[in-house]
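Asks: First the structure, then my questions, so here it is.
The values are calculated or read from the model by the stated rules, or taken from the named source; none is laboratory data. Computed from a predicted model, the values in this text were never measured in an experiment. Please note: Cβ atoms are built from the backbone with ideal geometry, for glycine as well, and neighbour counts cover all protein chains shown.
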Amino acid sequence: MAEKRTDQFLNLTETELRKALNENAFRKDDESRRWFSRFKFAHDAVNGNPYTALGQGLDLLNRCRWLDEKAYTEIHKGGAFYWLGIASFLVNEYEMATFFFDASVSEDIRWGDDHLKNPSPAMRFMRMDGEHPNQAARDLVRFAQARIESLVSDYNALSANSTNNMTIQILRERLFIPSILEEHKKWRSLTSTFISFFLEWYYRNMLFDIRLSSGTFEPFYIHLFKGCLLFESLLKENPSEPWMPSSPRENTLGKALEKYSAKLGSSVSLGQNISGPDLSTILADLEKADNSILTAIKFTARLRNTLGHNLGWDIGLTKIQYFKLFQMVASTCIHTVARLY
């Protein structure tokens, strides 16, 4: 029985696909680097069919690994991951998008790309650099960059904010670009989470307009908790003063806030009174909250200790409450980079 040929695999049989994979895997030239870009999913990713691109791209990568794991390990997969990042972004799967763009960065580093002298398109995405024209995802980078810049402006407008104004360039220099370096490899997840958290609100926010009945608030709870966990992680991974708790019991957000309160701009410990209250108390307090970064930090800490232990609340969020909490959490993350990085 003849082997099946499919358009997705350039009308190659599995035997022919394995042979082509092996022929390209061990060469270090531009043609082998672009090999995955010849397949149908790469075209679909940027030509109005991102859902199909995701399914076919993942199928192709898994098929190649199954056919010849050694060749799959050696071949440059950065292009494949880049197209999958674009497709994921276009279907609003921002966690997957940053995962694939970051995976592309890893492949580019493996092939010797210089992230400073000549960043690859994937590196430009993870740096939030939408100015350079040589990138297929440029419009997506510019979209994401504009969203982050909008929230940076909100942060700069907070009262009692004595920090010099933050900019996207400062975020690049202190977090995004260093995270590509080997010595800051633990920051890769911080950068990807930072980008996806800031982007996800715009999509999650649309959900409020289409459902009128009561029910689950999981998408909103999980999104806010993700930002709270990002804040805690930025605190503990900061390079200015290493976080070294004396015991596992000391490795808490409260203790971290106690240690870094002065650096964050408070004369008193921000770690006090942040134990997880019920969600209704937080939402009631939100109505009279002032517009300061220290208040935003307090709410972020309380929200982390509430949603981090229970999702089963019989009270939901309004669209205004969700946005206000999101702004607070986003501002605390920006503030942490401003003060500790």
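Asks: I need every pair where a residue in the range 288-309 that is free of Cβ contacts under 8 Å to residues at least 24 places away in the same chain has its Cβ under 9 Å from the Cβ of a residue that is buried (at least 21 other Cβ atoms within 10 Å of the Cβ) and outside any helix (DSSP H, G or I), sequence separation at least 6 or different chains.
Replies: none
Asks: Taking the conditions exactly as written (under 24 Å from residue 326 (Cβ atoms), touching a Leu at 6+ places or on another chain (Cβ under 6 Å) and not assigned by TED's automatic domain parsing to the domain that holds residue 97), does residue 257 satisfy them or not?
Replies: So residue 257 passes the test.
Asks: Mind checking which residues of the range 114-162 are assigned to a helix (DSSP H, G or I), without any contact (Cβ under 8 Å) to a residue 24 or more places away in the chain and within 21 Å of the chain's Cα centre (by Cα)?
Replies: Correct list: 124, 138, 139, 141, 142, 143, 145, 146, 149, 150, 153.
Asks: Here is a follow-up. For residue 280, are the conditions met, namely being assigned to a helix (DSSP H, G or I) and closer than 20 Å to residue 202 by Cβ?
Replies: no
Asks: Also: Say whether the condition of being touching a residue at least 24 places away in the same chain (Cβ under 8 Å) and either assigned to a helix (DSSP H, G or I) or at positive phi (or both) is met by at least one residue in the range 205-214.
Replies: The answer is yes; a qualifying residue exists.
Asks: Suppose we filter the range 285-297 for residues that are more than 29 Å from the chain's Cα centre (by Cα) and either surrounded by 12 or more Cβ atoms within 10 Å (Cβ to Cβ) or not assigned by TED's automatic domain parsing to the domain that holds residue 335 (or both); how many remain?
Replies: Here the count works out to 1.
Asks: Being small (Gly, Ala, Ser), within 18 Å of residue 325 (Cβ to Cβ) and surrounded by 13 or more Cβ atoms within 10 Å (Cβ to Cβ) narrows it down to one residue among 196, 233, 280; which is it?
Replies: None of the other options fit; the residue is 196.
Asks: Could I ask something else about it? Restrict the check to the range 92-111 and report whether at least one residue is part of a loop (DSSP other than H, G, I, E, B), more than 22 Å from residue 149 (Cα to Cα), without any contact (Cβ under 8 Å) to a residue 24 or more places away in the chain and outside the structural domain of residue 204 (by TED's automatic domain parsing).
Replies: no
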